[in-house]
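Peer 1: Have a look at the structure that comes next, please.
Just so you know, all these numbers are worked out from the coordinates, no wet-lab data involved. Note that the structure is a prediction, hence the values are computed from the model and not measured. Using ideal geometry, Cβ is built from the backbone for each residue, glycine included, and neighbour counts are taken over all protein chains shown.
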Amino acid sequence: MTGKLTPTETLRAILDQARVYDIEEETASMTDEARERDLASAGVDVDAARKKLDAIRARLAPKLEVTPKPAAPPGKVVDIRTRPKWAPSRAFVGFSAFVAFAACMGLFMDATGLIVIRPTPHPTATGTGAPPNAEAEELRSRAYRACAGGHYKECIELFDRAKTLDSTGDQDVDVVSARDNALRFMKMSNDGG
C-alpha cells in the first residue's frame, strides 16, 4: 500500500500491534509445559518440531561458531525484547538544544543592543596626545560593567562623573554608544514597566 493511512487504518494498525505485544507478553509468561499444551492444541507435533529445531541448530552451530544455549528452566520468564539505548542520542539532542539556545540568545542580545563590548582603549582618549585621566577611565570602566549588568541608572551616573573629570574622553565613540544604549533601555523600562 502506498500513500498515507486514514485515521481508521492508523488506529487499526496501532491496535493490531498492541495485540501482538499482548501475545508476546502472554507467551513469554507461560511455562514450557503450558506452551507445549498450547501448541499441541493447535495441532503442532511438538516432538517432531523439537527434533527439526535441534537438527537445524546442530547444522548451523559450526558455521556460526555458536554453541547452543541451554533452555531456560521451566517457569522462568525471559524477556525476549531488547530496548534501544537512547543515552547517546539524548545527550546529542540536549547538547544541540543548548547550542541553539545559546546562538539565539546571542542573536537576540546583539539585535537589542544588550551586549556592550568595550574595545581596546585608544592610545589617547582625549585626542590631544596627553594621557587620559586615570580616575575618569576607572569610572568609565565601572560604567561599562554597570551597563553590561543592566544597572543603567548607575551606568549613566558613572559616565556623568567621569565627564566632569575628563570631558574630551566623554566624546569617545564607545562612551557615546554605551550612554545612548543605557538611556534607551532606561526609557524602555520606564515606558513598559
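Peer 1: Taking R0 as 22 Å, what's the FRET efficiency between Val173 and Lys153 from their Cβ-Cβ distance, rounded to 0.05? Working shown, then result.
Peer 2: Values: r = 23 Å, r/R0 = 1.03.
In this case the efficiency is close to 0.45.
Peer 1: How long is the gain from Met186 to Val20 if the chain were fully straight, where each residue apart is worth 0.36 nm and the alpha carbon distance is subtracted?
Peer 2: Details: separation 166, 0.36 × 166 = 59.76 nm, distance 6.47 nm.
Residue separation times 0.36 nm, minus the Cα-Cα distance, leaves 53.3 nm.
Peer 1: Taking the Cβ-Cβ separation of Val99 and Ala34 as r and a Förster radius of 41 Å, what is the calculated FRET efficiency to the nearest 0.05?
Peer 2: 0.15
Peer 1: OK, next. What ³J(HN,Hα) values, in whole Hz, does the Karplus curve 6.51 cos²θ - 1.76 cosθ + 1.60 give for region 10-20 when θ = phi - 60°, with x put for Gly and Pro?
Peer 2: Values per residue, Gly and Pro as x: 5, 4, 4, 5, 5, 5, 4, 5, 5, 5, 4 Hz.
Peer 1: Can I ask one more? So for region 132-192, taking the charge dipole from beta-carbon charges (+1 Lys/Arg, -1 Asp/Glu), which of Ala136, Gly169, Ile156 sits furthest toward the positive end?
Peer 2: Ile156
Peer 1: How large is the charge dipole for region 7-64, taken about the Cα centre, if only the Cβ atoms of Lys, Arg (+1) and Asp, Glu (-1) carry charge, to the nearest 20 debye?
Peer 2: Numbers: 10 positive and 13 negative charges, 103 e Å.
Here the size comes out at about 500 debye.
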